[in-house]
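Participant: Sharing a structure, written as structure tokens. Questions coming.
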Amino acid sequence: MKHLIDIKDLSVEEIKDLIEVANDIIHSREKYSHKCDGKKLATLFFEPSTRTRLSFEAAMLELGGNVIGFSSANSSSTSKGESVSDTIRTVGCYADIIAMRHPKEGAALVASEKSIVPIINAGDGGHNHPTQTLTDLLTIQCEKSRLSDLTIGLCGDLKFGRTVHSLITAMSRYKNIKFILISPTELKIPEYIKEEVLKKNKIEFKETKDIEEYMNDLDILYMTRVQKERFFNEEDYVRLKDYYILNEEKLKKAKKNLCIMHPLPRVNEISKEVDEDPRAAYFRQVEYGKYIRMALILKMLEVH
Ligand code: CP
């Protein structure tokens, strides 16, 4: 049995296969509508979510399966003091596969050690969010027709943004990838990502505070929200939350075929006017998320 805790749990070849299946699902939905008949997915969300939970649920329903679960720790026996391990052992008696989000880094890994069914990490604190990364990879493949030879700007909260950490790790395995890391000093990318991923793999990267400095070099601009829930004091959050607001003025120097991505939810970091720009891919990205999760469920349940 295989779990998905970190994007590195999947090889480049496995990711290629998932993207191919997701593309096939996009073009032949009907073919997949009974693939998971009789199967159950449990979504255990100890932390809020809109896209990840609902896209997992929509994915399983579109495959013909069923869904059980909870959307907050308060509505489960966690509120009575039950451990994650006991919850996972219990839910494994009811479901064939579990997608789990938890505010603590490493919680999904701990859960996978006790689980009798496959576990998918749907986000563990500021650590990893592998299915968002799969969503991002499918988006890049569909929007840019390649996963290599790209200059990717990552902008905003690069410190706490788990989607950024997972995306850098994943993209570092493809050829000729350059990163422009755009953040205020307080929210710079963690040293371990620089040392263990970027430098170790000899990936070219530049750091800047200025969103416009390298705008005309970018093939992808990946905006992120300042993660309020990870701050220790409100004052710092208030000072940094509107540091970047992407608008049409700032996009003037950008390439005509720039792809603007955002894992969402957005707060203020992308102005609403950008939504009408054909380069804004973030709502298409949401939809790709459902298809790649359908492909992932099929793979993890070994449905052919
Ligand atoms: N992108 C993402 O993880 O969104 P949710 O927090 O709404 O699931």
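Participant: Would you check which residues across the range 271-302 are surrounded by fewer than 15 Cβ atoms within 10 Å (Cβ to Cβ) and not acidic (Asp, Glu) and list them?
Facilitator: Result: 272, 278, 283, 284.
Participant: In this structure, does residue 99 turn out to be among the small types (Gly, Ala, Ser), touching a strand residue (DSSP E or B) at 6+ places or on another chain (Cβ under 6 Å) and within 15 Å of the ligand (Cβ to nearest atom)?
Facilitator: Values: among the small types (Gly, Ala, Ser): yes; touching a strand residue (DSSP E or B) at 6+ places or on another chain (Cβ under 6 Å): yes; within 15 Å of the ligand (Cβ to nearest atom): yes.
Judged against the criteria, residue 99 is a match.
Participant: Quick check: anything in the range 249-270 among the acidic types (Asp, Glu), surrounded by 14 or more Cβ atoms within 10 Å (Cβ to Cβ), part of a strand (DSSP E or B) and in contact with a strand residue (DSSP E or B) (Cβ under 6 Å, 6 or more places away or on another chain)? Even if it seems obvious, please write down each step before you answer.
Facilitator: Going residue by residue through the range 249-270, those that are among the acidic types (Asp, Glu) are 249, 269.
Imposing the further condition that a residue be surrounded by 14 or more Cβ atoms within 10 Å (Cβ to Cβ) reduces the set to 269.
This time we only want the ones that are part of a strand (DSSP E or B), so: none.
Looking for residues that are among the acidic types (Asp, Glu), surrounded by 14 or more Cβ atoms within 10 Å (Cβ to Cβ), part of a strand (DSSP E or B) and in contact with a strand residue (DSSP E or B) (Cβ under 6 Å, 6 or more places away or on another chain), one finds none in the range 249-270, hence no.
Participant: Could you please let me know if residue 127 is at pLDDT below 95 and within 16 Å of the ligand (Cβ to nearest atom)? Before the answer, list the steps.
Facilitator: On the way: at pLDDT below 95: yes; within 16 Å of the ligand (Cβ to nearest atom): yes.
Yes: the conditions hold for residue 127.
Participant: Restricting attention to the range 97-148, report how many residues are of a type in the set (Ser, Thr, Tyr) and under 23 Å from residue 76 (Cα atoms).
Facilitator: Filtering the range 97-148 down to residues of a type in the set (Ser, Thr, Tyr) leaves 112, 115, 131, 133, 135, 139, 145, 148.
Keeping just the survivors that are under 23 Å from residue 76 (Cα atoms) gives 112, 115.
Qualifying residue count, the range 97-148: 2.
Participant: Let me ask something else about it. Looking at (1) out of contact with any helix residue (DSSP H, G or I) (no Cβ under 7 Å at 6 or more places or on another chain); (2) closer than 23 Å to residue 87 by Cβ; (3) not aromatic (Phe, Trp, Tyr), which is the one condition that is false for residue 60?
Facilitator: So residue 60 meets the others, but not (1).
Participant: Identify all residues within the range 259-274 that are under 21 Å from residue 137 (Cα atoms) and either modelled with pLDDT under 95 or of a type outside the set (Val, Ile, Thr) (or both); write none if there are none.
Facilitator: Listed by number, the residues that qualify are 259, 261, 262, 263, 264, 265, 266.
Participant: For the subset of the range 213-235 comprising residues that are over 22 Å from residue 123 (Cβ atoms) and in contact (Cβ under 8 Å) with a residue 40 or more places away in the chain, which member is nearest to the ligand (Cβ to nearest atom)? Before the answer, list the steps.
Facilitator: Pass one, the range 213-235, residues over 22 Å from residue 123 (Cβ atoms): 213-219, 221, 233-235.
Within this subset, residues satisfying the condition of being in contact (Cβ under 8 Å) with a residue 40 or more places away in the chain are 214-215, 217-219, 221.
Working: 214: 25, 215: 24, 217: 26, 218: 21, 219: 21, 221: 17 Å.
Here the residue is 221.
Participant: Enumerate the helices (runs of 4 or more DSSP H) found wholly within the range 82-187, keeping only those where 3 or more residues are under 30 Å from residue 68 (Cα atoms) and in contact (Cβ under 8 Å) with a residue 60 or more places away in the chain.
Facilitator: Numbers: elements: 84-91, 107-114, 130-144, 162-171.
Helices (runs of 4 or more DSSP H) meeting the threshold: 107-114, 130-144, 162-171.
Participant: A further question on this structure: Spot the failing condition for residue 16; the list is (1) within 20 Å of residue 128 (Cβ to Cβ); (2) under 18 Å from the mean Cα position of the chain (by Cα); (3) more than 15 Å from the ligand (Cβ to nearest atom), and only one is missed.
Facilitator: Among (1) within 20 Å of residue 128 (Cβ to Cβ); (2) under 18 Å from the mean Cα position of the chain (by Cα); (3) more than 15 Å from the ligand (Cβ to nearest atom), residue 16 violates only (1).
Participant: Looking only at residues that are over 22 Å from the mean Cα position of the chain (by Cα) and aliphatic (A, V, I, L, M) in the range 234-271, which one is nearest to residue 158 (Cα to Cα)?
Facilitator: Per the criteria, the residue is 240.
The values are calculated or read from the model by the stated rules, or taken from the named source; none is laboratory data. Keep in mind the model is a prediction, meaning the values are calculated, not measured. So basically every Cβ, Gly included, is an ideal-geometry build from the backbone, and we count neighbours across all protein chains shown.
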